[in-house]
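Report on the following structure.
The values are calculated or read from the model by the stated rules, or taken from the named source; none is laboratory data. Since we're looking at a predicted model, the values are computed, not measured. FYI the Cβ positions are ideal-geometry reconstructions off the backbone, even for glycines, and counts take in every protein chain you see.
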Amino acid sequence: MKEYSLIIKGQKVAGNGGNFDVLNPATEEVVALCPQASLEQLDEAVVAAQACFETWQYSSHDERKKLLHDIADRIEVNAAELAQIVVEEQGKPMFLAQAEVGGAVAWTRATADLELPIDILEENESKRIEIHRKPLGVVGSITPWNWPLMIAVWHIMPAIRSGNTVVSKPSGLTPLNTLRLVEIINEVAPPGLVNIVTGEGDIGNGMTKHQGIRKIVFTGSTPTGQTIMRGAADNLKRLTLELGGNDAGIVLADADPAAIAEAIFQTSFLNMGQTCAALKRLYVHDSIYEEMCEKLAEVAAKQVVGNGQTEGVTFGPIQNRKQLNLVNGLVEDARANGARVLCGGSPIEGAGYFYPPTIVADVTDGCRLVDEEQFGPVLPVIRYSDVEDAIKRANAADVGLGGSVWSSDTAKAAKIAARLECGTAWVNGHAELLPYAPFGGCKMSGFGVEFGQEGLLEYTSAQVININK
Ligand code: NDP
């Protein structure tokens, strides 16, 4: 059985707390053993990152850019292995795991090429005022189990590109790909630049409260985000919180269900629906409601559910049993309240956390499946007749990550999209994230953005240099 190691100051270290099992969600078998770090080892990782920061903060932009491109090269060389680990511990089909690794490379290179110039605010005979963007210090990255490799890259790369150092803590459910990623990073990075401590329980909490950490970047659930925010108060840590969403899509009466069904399905069920910015509740105009439901169920029926390692499989398991039970409970509740389950609708028997793609019709707001984030392979389809009412219902959620409007009239749809209370609103699309477009939520989906120039600035503080000539 393969055993992984923590990486502190460039060295592989065994966990003081022994190891814990990481399961394959398709088989429920143990994939590998993950080290359980102690809080003392978290301290050591922070000290290593602080020591590296002493020099890394003064590294040149060219040096940082080169390092990120070198890391991207190393990820590419190890792409097949990383994809295999992602499939084994996360469950997604191989083609999607390969896309995740490809995205990790693309984001690393795009982040490498961002600029952090010194801006001149005033320049004349007597005065020059500059604004510098200075790194913060040690950044703590806490990541979830849905897109584990990609999200680790989203956190780590901008942190080091802007001159910070990192302590990473992946989800205890999917730690292996990030352990390997950090090992790969350490083949080319200075010791202590990126450290990793894994463990169930206390480690994330310890990071949140750690006096040596200056910022936490967190992707995960809203309740954990709230806990982190409370814990961060002691030393006023900076925070970027990318929390859950319950993205609404509104299909206008002039949309063509046959033309958009595939795109709606793919953006709702991306990664078996376990995607923060997936479309999670679909409002469809009464006049095309039945046709839209039918077309979505047709796309769902074409999916091949199975172990992500098997060729031809398009739809893997849910990542963990807790999430499977949550999804199943939401569908059962909808059914008990009169919903029509058009396809799927119950767990697949046998080993693994398999749940088929499920389309649920005749549900409405007030039902748990509509009001709560399912974060899994089920889409509630809700009927509306007045678009103003649909906008109101879309905006009634206390979260606001993404939203979308689907129509043959893109100008009309764009006006409605702009009225949605969310960080990104798409027209005739959903869940498309780009390395140059800031991504983040409003309301209880968190704050701060990732990606592009605005994302990079989140890892810096502004310093004004006011020179009297
Ligand atoms: P959590 O938010 O609990 O876990 C995400 C990360 O936070 C993990 O690394 C976890 O570590 C860590 N963590 C847990 N508790 C603390 C704490 N007190 N302080 C610091 N870090 C902590 O998500 P779950 O895995 O429980 O998933 C629950 C729900 O979250 C899902 O149903 C879904 O709605 C949402 N979610 C949203 C995601 C997104 O992309 N926005 C991604 C994943 C989930 P550990 O694993 O060791 O507990």
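Quick look at the values:
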{"read-out": "Condition check for Ala259: more than 16 Å from the ligand (Cβ to nearest atom) and assigned to a helix (DSSP H, G or I)", "value": "yes"}
{"read-out": "Selection count, the stretch 183-199, where residues are small (Gly, Ala, Ser) and more than 16 Å from the ligand (Cβ to nearest atom)", "value": "2"}
{"read-out": "Hey, Pro135 at pLDDT below 95 and over 15 Å from the mean Cα position of the chain (by Cα) or not", "value": "no"}
{"read-out": "Residue check, Gln98 out of contact with any helix residue (DSSP H, G or I) (no Cβ under 7 Å at 6 or more places or on another chain) and of a type in the set (S, T, N, Q)", "value": "no"}
{"read-out": "Members of the stretch 153-190 found to be touching a strand residue (DSSP E or B) at 6+ places or on another chain (Cβ under 9 Å), in a helix (DSSP H, G or I) and in contact (Cβ under 8 Å) with a residue 40 or more places away in the chain, listed by number", "value": "Trp154, His155, Pro158, Ala159, Ile160, Leu176, Leu179, Leu181, Val182, Glu183, Ile185, Asn186"}
{"read-out": "Residue within the stretch 272-290 that is assigned to a helix (DSSP H, G or I), without any contact (Cβ under 8 Å) to a residue 60 or more places away in the chain and among the hydroxyl-bearing types (Ser, Thr, Tyr) present", "value": "yes"}
{"read-out": "Residue within the stretch 35-43 that is charged (D, E, K, R) and closer than 24 Å to Gly201 by Cβ present", "value": "yes"}
{"read-out": "Residue ID - surrounded by the fewest Cβ atoms within 10 Å (Cβ to Cβ), chosen from residues in the stretch 220-244 that are within 7 Å of the ligand (Cβ to nearest atom) and assigned to a loop (DSSP other than H, G, I, E, B)", "value": "Ser221"}
{"read-out": "Subset tally (residues that are closer than 10 Å to Pro357 by Cα and hydroxyl-bearing (Ser, Thr, Tyr)) for the stretch 290-312", "value": "0"}
{"read-out": "Evaluation of Gly308 against (1) away from the ligand (no atom under 16 Å from the Cβ); (2) more than 19 Å from Trp145 (Cβ to Cβ); (3) under 23 Å from the mean Cα position of the chain (by Cα) (one fails), failing number", "value": "(2)"}
{"read-out": "Qualifying residue in the stretch 404-418 (condition: away from the ligand (no atom under 15 Å from the Cβ), within 18 Å of Pro257 (Cα to Cα), under 19 Å from the mean Cα position of the chain (by Cα) and not aliphatic (A, V, I, L, M))", "value": "yes"}
{"read-out": "Flag if Ala99 is surrounded by fewer than 19 Cβ atoms within 10 Å (Cβ to Cβ) and closer than 18 Å to Leu181 by Cα", "value": "yes"}
{"read-out": "Qualifying residues in the stretch 200-219 (those that are on the phi < 0 side of the Ramachandran plot and near the ligand (Cβ under 7 Å from one of its atoms)) - the one modelled with the lowest pLDDT", "value": "Glu200"}
{"read-out": "Wholly within the stretch 97-149, strands (runs of 3 or more DSSP E) carrying at least 2 residues that are within 15 Å of the ligand (Cβ to nearest atom) and without any contact (Cβ under 8 Å) to a residue 40 or more places away in the chain", "value": "none"}
{"read-out": "Residues that are closer than 16 Å to Pro357 by Cβ and either within 16 Å of the ligand (Cβ to nearest atom) or in a loop (DSSP other than H, G, I, E, B) (or both), drawn from the stretch 313-325", "value": "Val313, Thr314, Gly316, Pro317, Ile318, Gln319, Gln323, Leu324"}
{"read-out": "Residues of the stretch 245-256 classified as within 20 Å of Gly423 (Cα to Cα) and either more than 10 Å from the ligand (Cβ to nearest atom) or among the hydrophobic types (A, V, I, L, M, F, W, C) (or both), total", "value": "5"}
{"read-out": "Residue within the stretch 361-369 that is touching a Leu at 6+ places or on another chain (Cβ under 7 Å), within 16 Å of the ligand (Cβ to nearest atom), among the small types (Gly, Ala, Ser) and not in a loop (DSSP other than H, G, I, E, B) present", "value": "no"}
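For every residue, the table says whether it meets (1) β-branched (Val, Ile, Thr); (2) surrounded by fewer than 23 Cβ atoms within 10 Å (Cβ to Cβ); (3) farther than 24 Å from Ile318 by Cβ.
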position: Ala110; (1), (2), (3): no, yes, yes
position: Leu116; (1), (2), (3): no, yes, yes
position: Glu130; (1), (2), (3): no, yes, yes
position: Trp154; (1), (2), (3): no, no, no
position: Pro158; (1), (2), (3): no, no, yes
position: Pro190; (1), (2), (3): no, yes, yes
position: Gly201; (1), (2), (3): no, yes, no
